[in-house]
Amino acid sequence: MNEAETGALLDQETLHDRQTAGYLPDWAVEHYDSFREGMLGERDGEPFPCYFGVESERAGDNFYTFVESTTHPDALFTLRRTLLEYLDRFPKRDAPSPLVAFFRPDPEVTTEADYHERLWNVLEFLHVHDPEPWPADIPTDPDDSRWEFCFAGTPMFPTCRAPFYDARMSRYCPVGLEITFQPRALFDGITADTEAGQHAREVIQSRIEAYDAVCPHADIGDWGVDGDREWPQYLLSGDPDQAPDECPLRVTRQHPKATVPEQWAVLGD
């Protein structure tokens, strides 16, 4: 499948155009339609909890990509290239513009444990093939409250939705794994230590309770706050017995970690 269909970095207008023209495979159309319906629709009369995500989709500010596999090197090298392109483009936008990555559903991935394993495989691949050193001001220990995933020198918050949730519907995606990459810069002015950030968290938490009809997950916290951890929030556990007890990613600052094949190299590698 060529980049006109999957693998490319797409803005919303381009995605809609390709969808209308029939260029996207069925799984990609189903994935995006599910995402858009979740963001803009309601559940039992309640809107999706994260109003930042809702407004970003409604305004057409998001970027998107469709990834053919969570394990195949070609698919993950394509994601690497797309993520680098995104990190070059998003600062030029006037509005917050996350990257939503939709992964082709895999019939072998059926349990919650499978989804945790696949998520961390994707993040490990990106880390091992990171073109930049781990940022000097970000700890390498995931047990540090100021740790978070980084790629190409950019700290970011990758949040996931997946099919295994049966109660926490704000994290439910019926199709397959979905990762939204949110650079830390998107949170400027709304972090936990600001009045705007505190207000945003109060509103989102109340909307989560109404939307999910369950209490907010115990792992939800804030970056940099003592006692809170980032990595368990990426893919919130439904069954603690199937979730990792410690962060599966082993971070090193040394580069290069792995050779990038010439056909996947980008300018600056």
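Since every read-out is calculated from the coordinates, none of them should be taken as a lab result. It should be emphasised that the depicted structure is a prediction, and the values quoted were computed from it without experimental measurement. Methodologically, a virtual Cβ is constructed for each residue, glycine included, from the backbone with ideal geometry; neighbour enumeration extends over all protein chains shown.
Using 7 Å Cα-to-Cβ label points, what is the Asp44/Asp11 separation (nm, one decimal)?
Result: 3.9 nm between the two label points.
Could you give the size of the charge dipole of the chain about its Cα centre, using +1 on the Cβ of each K and R and -1 on the Cβ of each D and E, expressed in debye and rounded to the nearest 20?
520
Along the charge dipole of the chain, Cβ charges K/R +1 and D/E -1, which of Ala162, Ala136, Ala265 sits furthest on the positive end?
Ala265
So, with +1 on the Cβ of K and R and -1 on the Cβ of D and E, and no other charges, what is the size of the charge dipole of segment 1-115 about its Cα centre, to the nearest 20 debye?
Using Cβ point charges on Lys, Arg, Asp and Glu, segment 1-115 gives about 440 debye.
Give the order of His127, His31, His255 when sorted by the count of other beta carbons within 10 angstrom, beginning with the fewest.
His255, His127, His31
Note down the net charge around Pro139, summing +1 for each Lys or Arg and -1 for each Asp or Glu among other residues with Cβ under 12 Å from its Cβ.
The answer is -3.
Given the Cα-Cα distance of Ala210 and Thr111 and 0.36 nm per residue of separation, how much length would full extension add, in nm?
Stretched fully, the Ala210-Thr111 segment lengthens by 33.0 nm.
Which whole-number percentage describes the relative contact order of the chain, with Cα contacts under 8 Å and a sequence gap of 6 or more?
Taking the mean separation of contacting Cα pairs over the length of the chain, I get 21 percent.
What is the distance in Å between the Cα centres of segment 46-66 and segment 116-166?
Their Cα centres are 22 Å away from one another.
Could you grab the relative contact order for segment 1-141? Cα pairs under 8 Å, six or more apart, rounded to a whole percent.
26
Please tell me the relative contact order of segment 206-269 in percent, rounded to the nearest whole number, where contacts are Cα pairs under 8 Å and at least six residues apart.
15
Looking at the square roots a ≥ b ≥ c of the eigenvalues of the Cα gyration tensor of segment 51-167, which shape do they give, rounded for a/c under 1.5, prolate if a/b is larger than b/c, or oblate?
rounded
How far, in nm, would the chain grow between Asp239 and Ala185 when pulled straight, counting 0.36 nm per residue and subtracting the alpha carbon separation?
Using 0.36 nm per residue and subtracting the Cα-Cα distance, I get 16.3 nm.
Within the set of other residues whose C-beta is less than 10 Å from the C-beta of Ala210, count the net charge using Lys and Arg as +1 and Asp and Glu as -1.
Local net charge: -2.
Give me Glu42, Glu124, Glu262 sorted ascending by neighbouring Cβ count inside 10 Å, so fewest comes first.
Glu262, Glu42, Glu124
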